[in-house]
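> Sending over a structure as structure tokens; questions will come in a sec.
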Amino acid sequence: MSIQSIVLPRMMQIGSGACEKLPEFVRAVGGSKPLLVTDKMMVQLGYAEQVLSVLREAGIEADVYDDTVPEPTASSIMGGVVMVQNGSYDVVIALGGGSPIDSAKAIAVMGKFGGTIRDYCFPRLVSEKGLPLIAIPTTAGTGSECTKVTVITDEANSEKLLCVGTAFMPTAAIIDYTLSLSVPPRTTADTGIDALTHAIEAYVSRKAGLYSDSQALAAMSLIGPNLRTVYHDGGNRAAREAMMLGSTLAGIAFNNASVALVHGMSRPIGAFFHVPHGLSNAMLLPAVTAYSIPAAAERYADCARAIGVAAAGDDTDTANGKLLDELVALNRELKVPTLAEFGVQKADFDAVVETMAEQALASGSPGNNPRIPAKEEIVAIYRELW
Ligand code: NAD
């Protein structure tokens with residue numbers, strides 16, 4: 001296995017009520033004037049006020065930017081960038097799912113260094129030190145609180161830009177599963193499958209190593225037995241707690257081992273057809289796993305065992321058969337729609353399928369897959385979704 005260089009937040013607080021630590025974290029990163037980056041749902045649910053009041057009680061007044069949108073775009077982050085450029089903020093706090101956290105990452109860097117998001121996208125590795133960022137996830141999830149990645153769509157050409165580098169690693173993360181108790185079933189399913197995909201892809205990635213393996217396997221063993229439970233019974237605190245930690249560990253795993261073909265193919269679907277990120281991953285996961293198993297059969301069998309669908313004594317082929325059955329069954333039980341059911345027109349899809357395959361390859365993620373596809377193979381997998 002290759003050498004892995006590990007990048008993590010400097011501090012984490014994990015568990016019920018962890019938000020109480022926020023003022024301590026603000027001071028520890030040298031902050032006194034925070035900008036809270038969030039979305040309207042967090043304001044409506046009272047989570048934004050909860051965070052602001054914890055800060056206020058400690059004598060810290062924060063301003064709020066709540067115009068982030070799901071699957072953030074180059075223009076949706078600009079209001080926050082301008083606030084940082086014109087204000088005297090010394091720390092950014094991100095509260096919400098992956099969308100507000102990714103928005104905040106871009107705002108913390110672009111607010112200080114300017115430019116457009118395209119200036120920061122892959123293959124450039126961004127190491128500029130933006131404002132310190134404290135991330136508080138409310139979905140389980142993207143793991144963005146522990147990744148050096150932000151994904152921002154350039155609406156000019158419908159491309160989801162992957163921006164990578166230590167600049168985008170939060171300085172601190174507060175992981176409080178109680179904030180996820182209110183996530184509705186559809187988003188619970190989509191975000192949960194996203195986390196599962198992170199763990200599987202990190203484990204089968206060509207950049208996997210012993211460190212990321214240990215995080216990925218732990219994540220799968222937390223997510224596998226609890227995903228159906230949180231979908232059917234969102235108030236189950238033990239299952240929510242397992243999912244939240246599983247999501248964070250999956251984030252740590254893929255941050256240090258990279259994601260692979262599912263993510264590479266998923267981003268263009270999201271950019272062209274506005275399919276939420278976790279949902280497009282879920283649509284692709286069974287087909288991409290079937291394509292990839294021949295190149296990493298033992299690794300996928302380990303995944304089946306960690307998730308809990310294969311027994312320790314099952315041989316590799318049996319375990320992989322069970323894994324494929326499980327991924328299909330999971331999508332059925334969690335009511336993951338097909339592209340057609342989601343409302344995508346086949347003719348529209350056919351018109352861009354070649355471009356999507358090119359964008360998938362350009363992102364670099366397919367190069368980490370155990371079986372590296374040619375463009376035609378990516379097109380063929382896309383067509384399998386119909
Ligand atoms: P999201 O942040 O877009 O949230 C989805 C919906 O759920 C929103 O309407 C939001 O308001 C709502 N929501 C969030 N938390 C809630 C709660 N506690 N209760 C009720 N509703 C809640 O979804 P997401 O899947 O967390 O994030 C998706 C974004 O993350 C995409 O843009 C994707 O590209 C990105 N992503 C980033 C990384 C990374 O490492 N940076 C990894 C994977 C995905």
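The values are calculated or read from the model by the stated rules, or taken from the named source; none is laboratory data. Treat the numbers as computed from the prediction; the structure is a model and nothing was measured. Methodologically, a virtual Cβ is constructed for each residue, glycine included, from the backbone with ideal geometry; neighbour enumeration extends over all protein chains shown. Only protein heavy atoms, including side chains, enter the accessible area calculation; ligands, DNA and RNA are left aside. Shrake-Rupley method; radii C 1.70, N 1.55, O 1.52, S 1.80 Å.
> For GLU326, what is the net charge nearby, where nearby means another residue's Cβ is under 13 Å from its Cβ and Lys, Arg count +1, Asp, Glu -1? Walk me through the numbers before you get to the answer.
On the way: positive: ARG228, ARG305, LYS322, ARG332; negative: ASP314, ASP325, GLU333.
Result for the local shell: +1.
> Shifting gears a bit: Efficiency by 1/(1 + (r/R0)^6): what FRET value for ASP317 and ILE6, r their Cβ-Cβ distance, R0 = 45 Å, to the nearest 0.05? Can you show the working numbers first?
Details: r = 34 Å, r/R0 = 0.75.
Working from the Cβ atoms, E equals 0.85.
> Within the accessible area of the chain, what % is carbon and sulfur when the probe is 1.4 Å and the other protein chains stay in place? Display every interim value, and only then the final one.
Working: 7870 of 14280 Å².
So the carbon and sulfur contribution to the accessible surface is 55 percent.
> Straight-line reach from LYS375: which aspartates and glutamates have a Cα under 18 Å away, not including same-chain ones fewer than 8 places off?
Reachable aspartates and glutamates: GLU159, ASP350, GLU354, GLU358, GLU384.
> Between segment 253-324 and segment 145-169, what is the separation of their alpha carbon centroids in Å?
Taking the Cα centre of segment 145-169 as reference, the centre of segment 253-324 is 22 Å away.
> Please report the accessible area of TYR89 (heavy atoms, 1.4 Å probe, ligands and nucleic acids excluded) in Å², nearest 10.
Here the accessible area works out near 30 Å².
> With N denoting the number of residues in the chain, provide Rg(C-alpha) divided by 2.2 N^0.38 Å, to two decimal places.
Numbers: Rg = 19.7 Å, N = 386, 2.2 N^0.38 = 21.2 Å.
Ratio of Cα Rg to 2.2 N^0.38 Å: 0.93.
> Once phi is turned into ³J(HN,Hα) by the Karplus curve 6.51 cos²θ - 1.76 cosθ + 1.60 with θ = phi - 60°, what whole-Hz value does each residue of segment 335-342 show in order, with x for glycine and proline?
After applying 6.51 cos²θ - 1.76 cosθ + 1.60, I find 6, 6, x, 6, 4, 5, 5, 6 Hz.
> To the nearest 10 Å², what's LEU217's accessible area with a 1.4 Å probe?
For LEU217, solvent-accessible area is about 60 Å².
> Of the listed pairs LYS40/LYS148; LYS105/LYS160; LYS105/LYS148; LYS148/LYS207; LYS105/LYS129, which have alpha-carbon separations greater than 18 Å here?
On the way: LYS40/LYS148 25 Å; LYS105/LYS160 15 Å; LYS105/LYS148 9 Å; LYS148/LYS207 16 Å; LYS105/LYS129 11 Å.
Long pairs (Cα-Cα over 18 Å): LYS40/LYS148.
> Here's another thing I want to ask about it. Within a Cβ distance under 13 Å of TYR177, other residues only, what is the Lys/Arg minus Asp/Glu net charge?
Details: positive: ARG237, ARG240; negative: GLU145, ASP176, GLU241.
Taking every other residue near TYR177 into account, the sum is -1.
> Continuing with the same structure: Exactly which trypsin sites (Lys or Arg not before Pro) in segment 287-346 are in a DSSP loop and have at most 14 other Cβ atoms within 10 Å? Write out the running numbers ahead of the final one.
Numbers: sites: ARG299, ARG305, LYS322, ARG332, LYS335, LYS346; in loops: LYS335.
Listed in order of number, the matching sites are LYS335.
> Measuring with a 1.4 Å probe in the full set of protein chains, what accessible area per residue, in whole Å², belongs to the chain? If you can, show how the numbers build up before the last one.
Values: 14280 Å² over 386 residues.
Per residue, the chain has 37 Å² of solvent-accessible surface.
> Still on this structure: For segment 351-386 and segment 171-193, what is the centre-to-centre distance using only Cα atoms, to the nearest Å?
The distance from the Cα centre of segment 351-386 to that of segment 171-193 comes to 29 Å.
> Please give the contour-minus-distance gain from ASP67 to VAL82: 0.36 nm per residue of separation, less the Cα-Cα distance, rounded to one decimal in nm. If you can, show how the numbers build up before the last one.
Numbers: separation 15, 0.36 × 15 = 5.40 nm, distance 1.24 nm.
Answer, rounded to one decimal: 4.2 nm.
> Right, another one. Where in segment 324-348 is the amide nitrogen less than 20 Å from a point lying 7 Å along the Cα-to-Cβ axis of ALA380?
324
> Determine the dipole magnitude for the chain: charges of +1 sit on the beta-carbon of Lys and Arg, -1 on that of Asp and Glu, nothing else is charged, the reference point is the Cα centre, and the result goes in debye to the nearest 20. Walk me through the intermediate numbers first.
Numbers: 29 positive and 41 negative charges, 119 e Å.
That gives a dipole near 580 debye.
> Still on this structure, please answer the following. Which order do GLU145, GLU128 take when ranked by solvent-accessible area (1.4 Å probe, heavy atoms of all protein chains), largest first?
Details: GLU145 0, GLU128 60 Å².
Of GLU145, GLU128, the descending order of accessible area is GLU128, GLU145.
> Relative contact order for the chain: what percent, with Cα pairs under 8 Å and sequence separation of 6 or more?
16 percent.
> Shifting gears a bit: At 1.4 Å probe size, with no ligands or nucleic acids counted, give the accessible surface of HIS274 in Å², nearest ten.
140 Å²
> With Cβ to Cβ distances under 13 Å as the rule, what net charge do the other residues near GLY130 carry (K, R +1; D, E -1)? Display every interim value, and only then the final one.
Details: positive: LYS105, LYS112, LYS129, LYS148; negative: ASP90, GLU128.
In short, +2.
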